[in-house]
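The values are calculated or read from the model by the stated rules, or taken from the named source; none is laboratory data. Nothing here was measured: the structure is a model prediction, and the numbers come from that model. Ideal geometry is used to build each Cβ from the backbone, glycine not excepted, and the neighbour counts take in all protein chains shown.
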Amino acid sequence: MIIFLLSFIFLVSGTFLSFLFKKKLKLIIYSLTFIITSLILLSITLVYFINENYFRTINSFNNILNVISLNNAEEFSVLANLSFEMTKIGSFFIFILSIISFCLSIYIPFYIKSYNISKSQLNFHLFNLSILLISIVLLFLTKNLLIFVILWEFMGFSSFFCIFFDGQKTKTINAAIQYIIVMHISFLFLLIGAMLCYKFTGSFSFDKISAFFQQQNLQEINIDFNKIKIVLISIFSLGFAIKLGIFPFHFWLPEAHPASPSHVSSFMSSIVIKTGLYGFFLLLNLFGLPPPVFSKIIIFIGLISAFIGIINAASQTQIKKFLAYSSVENAGILLFLYGSAIFGLINQSYFLYVSSLLATFIYLLNHAFSKSSAFLSAGLIIHKTENDDLDLLGGLVHYYPDLTIANLFSSISLSALPPFGNFIGELLILIGYSNYIINYSFSIVPFWVFLLIGIIGAITILSFTKYFTTAFLGVFRGKNEIEKKKNPFLLNISLFLPLIIALIFSSCFFYNYYFKIIEEVSLKSFYIINDFALKAEMIPINQIFYSFYKIIIIFILVFFLFFFIYNFIRDKKERTWSCGFISKKEDIFQYTSSSFVEPFISIFKPLTGIQVKRKEKDMIFPKKTYIETEHNDIVNKKVLSPIIEKINLIFDKFTFIQSGKTQHYILYGLLFLIIILIITLIRYF
Amino acid sequence: MKGIIFSLIKIFLIIFLPPLMIGIINRVKTTWAGKYGQSIFQPFYDIIKLIKKSIIRSTSSSFILKIALVLQFISTIFALLLIPFGKIKPFIYFEGDFFLFIGLLGLSTLSQIIIAMESAGSFQGMGASREINFSIFVEPAILLLFASMIFYTKSYTLNKMFVEFAFLSLEKIMVGIILGVSFFLIILIEGKRIPIDDPATHLELTMIHEAMILDLSGKDLAISLYSGYLKIFIFSLITANIFIPSFISIELSILLLISIVLFIAILIGFIESLFPRVRMSHIPDFMLLVLSLSVIIVALMFTMNT
């Protein structure tokens, strides 16, 4: 803990130190402190994974608190159990966080340089980034529910201010306000849950709560207790689902991402959202095995969320909205993987349990890194071309070849194709369900899993081919001129490093570490101690993946061999033949991204929320027509807007109160005092 | 020794059968039309001719085109290596390789789209858009068909799934026939044959696959064409494997396999000469037909189990 504290103090002091300097030097100093902090975090997690005994208990901080609580035992009874501990799952999240913050710290100086904002704004932004990092790290370490909720709020606020970076635009303000409201609803759920927990168990400590529920489980089945458990689980999962961006609550994501600067959206989608999934794992830790219906509900909500997310992603033409909806899809898949782990455990299919947990962690890692890279390069594209519409991009490969390669890999990775981790996650889950089919029955759950995973996979390929081919291939469609420029080497590191690490760490050579996490989860949540059934399932999975990686390595070698040979063949360049049409500008007949997905939208139109408005004049020979495409998320359109309208209608009736006259306001104060007087008098008598 | 001979046979079949299938399809079509027709080895000559030619690429293309061409070819080849030849084991197999098969096909689709969009032309874009949009329902159909085979054969290696699937009971005969029909329809979809797309058309507005490779030439075109042939061959192999019983000897199974594959080629030729191309707006319905067939198999399994 001391190392953590020191690194945080170092980060904050470095941030404050950077405030003293001018813009360029400030950014460099800030990024250096950020790099060092992330490296410290990374080394801590690596040491922990190699030998966990170093961090068995983190006592130094706890001792101080215990001394305080002994002196004033009653006053600090809540704080008495305040403690931080490294867990394997927590350190896994911190590992992802540290590498992403390392890449961001390289990226930030290059990216913010272009923004034209005042000094104080920049200082505030950097300060908030540091706070965000610290609060998330502590969130993964804490063992106290109250502290968890408080840190959750810290995280929400600091990320809100981070989004608010470019605060002059109305769109940014609206998105940020929507974000903070949604995050507070999530916070409210967590707070209610925490308070209820305290009411029933008498403690905020994770250990005590889980021990309480474990005891109740061992005793005879108590109906009241079961009800309490269901209520608590559903309240907490609502709170976490809002953060994770699951289907009915996903509407804040596509608004927040385009509004925020790219490094923030990269950080948000790769790690801030994932705290929701960490929360779901926390639920297992606290309450043990949830009721059987819960797992099925989670599976279906996850799959539907992924389906809705990817349909919207496919129909989007704005880069960041597209990536945000793709995040919704991935979050849905993650929740589905988590749900199928519980499903496997409830049905005592350990193979499904192990494979889906392994899939969850690999998918999580790969998605975090590839999405981070995709968002960072999207930020560069938007900044360099001053455009975020895919319809006006194109041909970027001729200007920025390094960006193109990074995006090709991240597109392959995010569209769940081999050899990246998203594919391995889906492969694992399908193997798990195949095993389930063989040993049990072909019930309704595996059917929907196979069907929807297939459709989602196909649409994912569609949406990412749309993104990659229309943005990077062909000829530039925009009207402004862009200059050919190679990225600096350091910037390329921030784009390529996450992809390389994702590829390495999702390979079979690291599965032993994932198995350690799985063992910890099963030990802490379900009290499976030294279960041979569990360990027996890990061996075949590992063997499968050793043979899988042999094939993949051969595939890559053969690919490079062929490419090496093919690269030597000379070619001539000619203009594309377009049915005899000749013009000086080549892009005149190019397919745009909205025309690319037009057949798709015609199939799934009700789910996409896209409206095409035609302004045609009724004339025999119409001269000019305008076509406008509008996108409004279906939840926003069908659920939120009517509710907000009704609330507005109700509040409109009270507008007379705000008359603008000082006398009236004094009168209100007087009335208020009189009412209080009357109430107290009534109570007195 | 036997293993070496079998792998030589497999390599021979992989090289010669795919173009031969196309040759047979074309020959059947010309025979139906009452013409003398081209030799059934014409696709070989075409490909050899194309390999000898030099390459002309679009000015808008880049190094990504080369990557995509090689990626398409290699991923299709690797997908083919996962499929068993009758009772001969495939080159590579492991538990759960059915999803690697689908992933590799996805990779080849992705690179096909990249190849098309590299040319910055309108027809190529149109073809790419149609290809990818119409294939949304094929992937879940293949997955569901595989799932039903997993259920019946109790294994999830493609090798065992195909070898151990036998027509032994009434239920399995029904399922097997639906499986065969659906995979046959998938050949037509993935190979872009007639009810979906007309490879012989000369009107770009109605083309799908041909429009995508309109701008390729020489060796590029040869690679792309051959990958297309391989895709047809892969799914005909799968269809043939379903109908091969598990009790016959290895030598007999390979003969049966070749004859079924050639029969499929003749059947495609019949279909191409008897049916017109479906209207573009009706193609999604055709795709949904395959998906609903696969759902019917699952429904059959539900009813049989309970």
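When the residues of the range A:443-455 are filtered to those that are over 14 Å from B:Ala141 (Cβ atoms) and β-branched (Val, Ile, Thr), the one that is farthest from the other protein chains (Cβ to nearest Cβ) is A:Val445. You will find that of B:Ile56, B:Ile51, B:Ile92, B:Ile114, the residue that is of a type in the set (Val, Ile, Thr) and surrounded by 24 or more Cβ atoms within 10 Å (Cβ to Cβ) is B:Ile114 and no other. So for the range A:545-553 (the condition being at pLDDT 75 or above, surrounded by 12 or more Cβ atoms within 10 Å (Cβ to Cβ), at the interface with chain B (Cβ under 7 Å from one of its Cβ atoms) and in contact with a helix residue (DSSP H, G or I) (Cβ under 8 Å, 6 or more places away or on another chain)), does at least one residue qualify? Yes, there is a match, as at least one residue in the range A:545-553 is at pLDDT 75 or above, surrounded by 12 or more Cβ atoms within 10 Å (Cβ to Cβ), at the interface with chain B (Cβ under 7 Å from one of its Cβ atoms) and in contact with a helix residue (DSSP H, G or I) (Cβ under 8 Å, 6 or more places away or on another chain).
If the condition is being within 8 Å of chain B (Cβ to nearest Cβ) and of a type in the set (A, V, I, L, M, F, W, C), then the range A:555-566 contributes A:Phe555, A:Val558, A:Phe559, A:Phe562, A:Phe563.
Taking first residues from the range A:265-278 that are in a loop (DSSP other than H, G, I, E, B) and partners that are of a type in the set (A, V, I, L, M, F, W, C), the Cβ contacts under 6 Å between residues at least 6 apart in sequence or on separate chains come to A:Ile273/A:Leu244. All of A:Tyr467, A:Tyr440, A:Tyr400 fail the test of being more than 10 Å from chain B (Cβ to nearest Cβ) and under 23 Å from B:Leu105 (Cα atoms), apart from A:Tyr467. The single condition among (1) part of a helix (DSSP H, G or I); (2) farther than 30 Å from A:Gln543 by Cα; (3) facing another protein chain (nearest Cβ under 8 Å) that B:Ile136 does not meet is (1). Set side by side, the residues A:Pro446, A:Pro418 differ, and just one is part of a loop (DSSP other than H, G, I, E, B), touching a Phe, Trp or Tyr at 6+ places or on another chain (Cβ under 9 Å) and either farther than 17 Å from A:Asn330 by Cα or at pLDDT below 90 (or both), which is A:Pro418. Of the candidates A:Leu282, A:Leu303, A:Leu289, the single residue that is under 24 Å from A:Ile456 (Cβ atoms) and either touching a helix residue (DSSP H, G or I) at 6+ places or on another chain (Cβ under 9 Å) or part of a helix (DSSP H, G or I) (or both) is A:Leu303.
Does A:Glu519 satisfy being part of a helix (DSSP H, G or I), among the charged types (D, E, K, R) and either more than 14 Å from every other protein chain (Cβ to nearest Cβ) or surrounded by 22 or more Cβ atoms within 10 Å (Cβ to Cβ) (or both)? Yes: the conditions hold for A:Glu519. Selection within the range B:113-128: residues that are small (Gly, Ala, Ser) and over 19 Å from A:Lys573 (Cα atoms). The member of this set that is nearest to the other protein chains (Cβ to nearest Cβ) is B:Gly125. Considering A:Ile117, A:Ile106, the condition of being assigned to a helix (DSSP H, G or I), closer than 18 Å to A:Ser265 by Cβ and in contact (Cβ under 8 Å) with a residue 40 or more places away in the chain is satisfied by A:Ile106 alone. Residues that are out of contact with any Leu (no Cβ under 7 Å at 6 or more places or on another chain), within 30 Å of B:Leu100 (Cβ to Cβ) and hydrophobic (A, V, I, L, M, F, W, C) are absent from the range A:476-494 altogether. Here B:Ile254, B:Ile232 are screened, and the one residue that is crowded, with 21+ Cβ neighbours inside 10 Å and β-branched (Val, Ile, Thr) is B:Ile232.
Could you grab me the full set of residues in the range B:139-186 that are under 16 Å from the mean Cα position of the chain (by Cα), at the interface with chain A (Cβ under 8 Å from one of its Cβ atoms) and aliphatic (A, V, I, L, M)? Within the range B:139-186, B:Ala141, B:Ile142, B:Leu143 meet the criteria. The residue that is surrounded by the fewest Cβ atoms within 10 Å (Cβ to Cβ), among those in the range B:257-289 that are within 12 Å of chain A (Cβ to nearest Cβ) and under 30 Å from A:Phe442 (Cα atoms), is B:Asp285. A:Phe148 falls short of the stated requirement of being farther than 21 Å from A:Ile2 by Cα, over 16 Å from the mean Cα position of the chain (by Cα) and among the aromatic types (Phe, Trp, Tyr). Filter the range B:179-197 for residues that are modelled with pLDDT under 85 and either aliphatic (A, V, I, L, M) or surrounded by fewer than 20 Cβ atoms within 10 Å (Cβ to Cβ) (or both) and give the result. Once the filter is applied, which keeps residues that are modelled with pLDDT under 85 and either aliphatic (A, V, I, L, M) or surrounded by fewer than 20 Cβ atoms within 10 Å (Cβ to Cβ) (or both), the range B:179-197 yields B:Ile194, B:Pro195, B:Ile196. State all residues of the range B:67-105 that are of a type in the set (Gly, Ala, Ser), at the interface with chain A (Cβ under 7 Å from one of its Cβ atoms) and either closer than 24 Å to A:Thr404 by Cβ or not in a loop (DSSP other than H, G, I, E, B) (or both); if no residue qualifies, say none. Correct list: B:Gly103 only. Restricting A:Ala406, A:Ala359 to residues that are within 19 Å of A:Phe496 (Cβ to Cβ) and either within 14 Å of another protein chain (Cβ to nearest Cβ) or not in a helix (DSSP H, G or I) (or both) narrows the list to A:Ala406. Count, please, the residues in the range A:11-50 that happen to be of a type in the set (A, V, I, L, M), over 30 Å from A:Ile517 (Cα atoms) and part of a helix (DSSP H, G or I). The number of residues fulfilling the criteria is 7.
Taken over the range B:48-60, the residue count meeting the criterion of being at the interface with chain A (Cβ under 8 Å from one of its Cβ atoms) and either of a type in the set (Phe, Trp, Tyr) or in a loop (DSSP other than H, G, I, E, B) (or both) is 3. Exactly one residue out of A:Phe476, A:Phe489 is farther than 19 Å from A:Phe343 by Cα and out of contact with any helix residue (DSSP H, G or I) (no Cβ under 9 Å at 6 or more places or on another chain): that is A:Phe489. Can you name every residue in the range A:435-474 that is over 30 Å from the mean Cα position of the chain (by Cα), surrounded by fewer than 19 Cβ atoms within 10 Å (Cβ to Cβ) and in contact (Cβ under 8 Å) with a residue 40 or more places away in the chain? A:Asn439, A:Tyr440 - these are the residues of the range A:435-474 that are over 30 Å from the mean Cα position of the chain (by Cα), surrounded by fewer than 19 Cβ atoms within 10 Å (Cβ to Cβ) and in contact (Cβ under 8 Å) with a residue 40 or more places away in the chain. Residues in the range A:384-403 that are in a loop (DSSP other than H, G, I, E, B) and farther than 13 Å from A:Thr470 by Cα: A:Glu386, A:Asn387, A:Tyr399, A:Tyr400. Does A:Leu427 satisfy the criteria of being closer than 16 Å to B:Leu100 by Cα, facing chain B (nearest Cβ under 9 Å) and either surrounded by 23 or more Cβ atoms within 10 Å (Cβ to Cβ) or modelled with pLDDT under 90 (or both)? Yes: the conditions hold for A:Leu427. Based on what the data block shows, is A:Asn226 surrounded by 16 or more Cβ atoms within 10 Å (Cβ to Cβ), modelled with pLDDT under 85 and not hydrophobic (A, V, I, L, M, F, W, C)? Answer is no for this residue.
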